[in-house]
Amino acid sequence: DLTVLNHIVMQTRDGLLFIKSNTAGRKGLYYPVPEILDAIGDIPFCGDCSIVEVPMYGDMDSRFVLLVFTGAAGGIDESVVVSAVRERIERDLDREFLPDRIFFFPMYPRRTPEGAVDHERIRAQYLTGELKRKPEDNIFRCLTKLKQFIYPLEGMINTNT
């Protein structure tokens, strides 16, 4: 029998070499990214958020960062959102699955052609620092304001804000 696992392996002349697991995890446990996003999806500003696994060096576990996209909304009390997220994850999942950090971005998340949040692109932009630079750029601030009017017309924005 052949069992397919969610791991990255490499063929060598001596057989297969385990490279790493392709499943997000912490302390050897599965980190339930889809379940967390589902659990917090109805909290204001969390319907279109993303979780990024940040690899650490050495024997340290990965860090998990929740990215909250607030769009063009201003005057958000981030502490209220953070408290709601923490409370929901602790209640619905477990305290062990709280994100290590939560960052807010005054922009809309990148989307796939189908309209879903593009988690892979967001991850790449976060890890390279591009995501942090975007809100500081005047062009991206203008695009965010423009999207504030376009996205509701196209049904592309989570209205839970």
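Check whether at least one residue in region 104-118 is among the polar types (S, T, N, Q) and modelled with pLDDT under 95, and report yes or no. Yes, region 104-118 contains at least one residue that is among the polar types (S, T, N, Q) and modelled with pLDDT under 95. Annotation note: Cβ proximity below 8 Å between a residue of region 119-138 that is touching a residue at least 12 places away in the same chain (Cβ under 8 Å) and surrounded by fewer than 18 Cβ atoms within 10 Å (Cβ to Cβ) and a residue that is among the charged types (D, E, K, R) and in a helix (DSSP H, G or I) (sequence gap 6+ or interchain) occurs for 135/141. Here 70, 144 are screened, and the one residue that is within 26 Å of residue 39 (Cβ to Cβ), among the polar types (S, T, N, Q) and touching a residue at least 60 places away in the same chain (Cβ under 8 Å) is 70.
Entry remark, region 73-98: residues being in contact (Cβ under 8 Å) with a residue 60 or more places away in the chain and either within 19 Å of residue 33 (Cα to Cα) or buried (at least 17 other Cβ atoms within 10 Å of the Cβ) (or both) number 3 in total. Per this entry, residue 122 is counted among residues that are β-branched (Val, Ile, Thr) and under 23 Å from residue 38 (Cβ atoms).
When region 47-68 is filtered for residues that are of a type outside the set (A, V, I, L, M) and more than 10 Å from the chain's Cα centre (by Cα), the ones remaining, listed by number, are 47, 55, 57, 58, 59, 61, 62, 63.
Inspect region 148-157 for any residue being in a helix (DSSP H, G or I), modelled with pLDDT of 85 or more and either surrounded by 12 or more Cβ atoms within 10 Å (Cβ to Cβ) or not charged (D, E, K, R) (or both) and give the result as yes or no. No: zero hits.
The values are calculated or read from the model by the stated rules, or taken from the named source; none is laboratory data. No experiment lies behind these values; they were computed from the predicted model shown. Positions of Cβ are backbone-derived with ideal geometry, glycine not excepted, and every protein chain shown enters the neighbour counts.
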